[in-house]
1. Accessible area of the stretch 133-243 with a 1.4 Å probe: how many percent of it is carbon plus sulfur?
2. Please calculate how many Å² of accessible area the stretch 87-245 carries per residue, with a 1.4 Å probe and no DNA, RNA or ligand atoms counted.
3. Give me the three principal axis extents of the chain from the C-alpha atoms, as integers in angstrom, largest value leading.
4. Put one equal scatterer on each alpha carbon of the stretch 83-161, apply the Debye formula with no solvent term, and list log10 I(q)/I(0) at q = 0.13, 0.22 1/Å to two decimals.
5. If you roll a 1.4 Å probe over the stretch 17-77 with all protein chains in place, what percent of the accessible area is carbon or sulfur?
6. Using label points projected 7 Å from each Cα along Cα→Cβ, tell me how many nm separate Val67 and Ile85, to one decimal.
7. How much accessible surface does Asp224 have with a 1.4 Å probe, in Å² rounded to 10?
8. How do Leu100, Leu130, Leu218 stack up against each other in accessible area, from largest to smallest, with a 1.4 angstrom probe?
Amino acid sequence: MNKAKLIVANWKMNFFYKQAYNFCKKIISKKKQIKNNFIICPPSSLIFRLSNKFRQINFGAQDCSAVNEFGAYTGDINSKMLKDINCKYTLIGHSERRELYKEDESLISLKILSALKSNIKPILCVGENLNQKRRGDTKKILKYQLNKVLLKKKEFKKVIIAYEPVWAIGTGKTPSIEDISNTILYIKNVLAKKSSIYKNVLVLYGGSVNTNNSKLFLNNINIDGLLVGGASLIFNSFFSMLKHK
Ligand code: 13P
């Protein structure tokens, strides 16, 4: 029997409460069929109401402030506040935040520290863009992104890594299964070299995951799970991944 995988839904800036509520209600009504672990990352406007209503579902945020205290940081939500609304995880360093909001490694590393301080598990997103891939720099970029933000501190063993090639996000393109599997092994090797605390760290794949390719990804022994964008908004697509064994 295959080991259960971790499927993370990144809803990005989508859904009103009613749609999100119906989605979660459907999941709960079919929970006996679910074979994998899962986390839903709704927009922050929805987390409180959903987590209050659906105690059996693990929720994550899509970002968290680098500052762990109250203060004059307009627009930010910190990890203590996420904890207060029953959030257990947060995405950090998603490529859309790196690109649109110019988040760099120094900010991302503060965000990870801040999340861990409140016992929120960070899901660190890493991945090369198209130019970096064309130059053959994928490994170099991943090593940089990992080494710059991950420390040899034992609380870091809670970090989850999501390998998301930027060129695969929302494009319908993915690396081959061999490439994904090898890259994930490479990430695990980089982490193992860094410290033994990383020996059980989960490494997920994300980027144009859909119902057609998800089975192949989930059957691969090196891929510990999936980070799903567009397909996580379609109940039947997302649920087929949760059911897959
Ligand atoms: P898509 O699955 O829509 O390509 O998005 C991937 C992603 O960015 C998940 O974080």
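1. On the way: 2670 of 5330 Å².
About 50 percent, which is the carbon plus sulfur part of the accessible surface.
2. Details: 7360 Å² over 159 residues.
The answer is 46 Å² per residue.
3. 46, 45, 32
4. With one equal scatterer per Cα and no solvent, log10 I(q)/I(0) is -0.41, -1.02.
5. Details: 1740 of 3520 Å².
C and S fraction of accessible area: 50 percent.
6. 1.8
7. Probe radius 1.4 Å; accessible area of Asp224 about 20 Å².
8. Numbers: Leu100 120, Leu130 70, Leu218 5 Å².
Descending order: Leu100, Leu130, Leu218.
The values are calculated or read from the model by the stated rules, or taken from the named source; none is laboratory data. Just so we're clear, the structure is a prediction, and the values are computed from it rather than from any experiment. When we count neighbours, we look across all protein chains shown, and the Cβ atoms used for this are built from the backbone with ideal geometry, even at glycine. These accessible areas exclude ligands, DNA and RNA; they are computed on the full protein's heavy atoms, side chains included. Shrake-Rupley method; radii C 1.70, N 1.55, O 1.52, S 1.80 Å.
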